[in-house]
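Taking it in order: structure first as structure tokens, then the write-up.
What follows draws every value from the coordinates through simple rules; no lab data is involved. As the structure is a prediction and not an experimental result, all values here were calculated from the model. Don't worry about glycine lacking a Cβ; one is built from the backbone with ideal geometry, like all the others, and counts go over all protein chains shown.
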Amino acid sequence: MLRENLYDLDQNGKKGDWCFLKDDTQIALRYGDDPFKGQVILPVALEVTSGQPHWQWNGNRESPTLTPSILIHAYPGWTEGWHGWLREGKLVTA
């Protein structure tokens, strides 16, 4: 579910929720239950470009799809690990 901003995502978000940041050049994604151990901010762009690494985004704010897959390494006590996709606004675990 699209959240209004990062504060809304932190306070009210659930696994699978997201919000856009910095003029839609970043997406904050909740992939776990804990906002401090299960949330990530990813750079996104509408087109594949050279330069800074990013996830390609389909441009749909209500039902975003990102490619390629998202891999988050687990660091005990710091972050939960997760691997999967955000497809049509839904998390899909690999």
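Set the Förster radius R0 to 25 Å, insert the Cβ-Cβ distance between Thr93 and Ser50 as r into 1/(1 + (r/R0)^6), and round the FRET efficiency to 0.05. Before the final figure, lay out each step's value.
Working: r = 30 Å, r/R0 = 1.22.
That gives a FRET efficiency of 0.25.
Taking Cα pairs under 8 Å and at least six residues apart, what relative contact order does the chain come out at, in percent? Before the final figure, lay out the partial values.
Numbers: 188 pairs, mean separation 17.4, N = 94.
Relative contact order, the chain: 19 percent.
With label points built 7 Å along Cα→Cβ from the Cα atoms of Asp8 and Ile41, find their separation and express it in nm.
Simple spin-label model gives 1.8 nm for this pair.
Can you list the HN-Hα couplings for region 4-20, worked out from phi with the Karplus curve (6.51, -1.76, 1.60; θ = phi - 60°), rounded to whole Hz and with x for Gly and Pro?
Taking θ as phi minus 60°, the curve returns 5, 7, 5, 4, 4, 5, 4, 7, 10, x, 10, 3, x, 7, 8, 8, 9 Hz for region 4-20.
Which ³J(HN,Hα) values in Hz, rounded to whole numbers, follow from the phi angles of region 74-86 under the Karplus curve 6.51 cos²θ - 1.76 cosθ + 1.60, where θ = phi - 60° and Gly and Pro get x?
7, 10, x, x, 10, 8, 7, x, 6, 9, x, 10, 10
How big is region 48-94 by Rg and Dmax over its Cα atoms, in Å?
When restricted to Cα atoms, region 48-94 yields Rg and Dmax of 12.5, 35 Å.
From the phi of every residue in region 24-33, what ³J(HN,Hα) in whole Hz does the Karplus formula 6.51 cos²θ - 1.76 cosθ + 1.60 yield, where θ is phi - 60° and glycine or proline is x?
6, 9, 9, 10, 9, 10, 8, 9, x, 7
Rounded if a/c is under 1.5, else prolate if a/b is larger than b/c, else oblate: which is region 6-93, with a ≥ b ≥ c the root eigenvalues of its Cα gyration tensor?
Values: a/c = 1.65, a/b = 1.37, b/c = 1.21.
Since a/c reaches 1.5 and a/b is larger than b/c, the shape of region 6-93 is classed as prolate.
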